[in-house]
Amino acid sequence: DGVVQGRGIKCSLCTKALKKIQALAGDNPDEAAVAAVLQKGCRTLGRTMGRLCQRLVNKYRDQITEGLQNGDTPRDICTAMGICRT
């Protein structure tokens, strides 16, 4: 999607979105908690960022859920999804 140019911006967006989502989900979230937070977390980022966040969440829902449940860092999750480079 041509909205965000360059991997650096996408990576920082992903990390920022997941930090927010992780904070809202708490320490040991179950799937229902993660699902609820994925919706709410994107809305708190504002309209443009929120839309990008929502696309990210829809595309990578399983990886995000798994990462949050495993206690992975936002950066690790974004790297696993191929958005950030290691």
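The values are calculated or read from the model by the stated rules, or taken from the named source; none is laboratory data. Every value quoted in this text rests on a predicted model; they were computed, and no experiment measured them. We place every Cβ from the backbone using ideal geometry, glycine too, and count neighbours over all the protein chains shown. All accessible areas refer to the heavy atoms of the entire protein, side chains included, with ligands and DNA or RNA removed. Shrake-Rupley method; radii C 1.70, N 1.55, O 1.52, S 1.80 Å.
For this structure, a couple of remarks:
- Gain upon complete extension [THR44, ASP76; 0.36 nm per residue less C-alpha separation]: 9.3 nm
- Difference of contour (0.36 nm per residue) and Cα-Cα distance, ARG51 to GLN69: 4.1 nm
- From the coordinates shown, P(r) over Cα pairs in 10 Å bins from 0, in percent corresponds to which of (1) 15, 53, 27, 4; (2) 16, 47, 30, 6; (3) 20, 57, 22, 1: (3)
- Extents of region 11-58, largest first, come to 28, 17, 16 Å (Cα atoms, principal axes, whole angstrom).
- With every protein chain in place, region 34-86: carbon and sulfur % of accessible area (1.4 Å): 47 percent
- A 1.4 Å probe run over the chain, with the rest of the protein chains in place, finds 61 Å² accessible per residue.
- Residues of region 62-86 with amide N under 17 Å of a point placed 7 Å along Cα→Cβ from GLU31: 62-71
- Helix 31-43 and the longest principal axis of the C-alpha atoms of the chain enclose an angle of approximately 40°.
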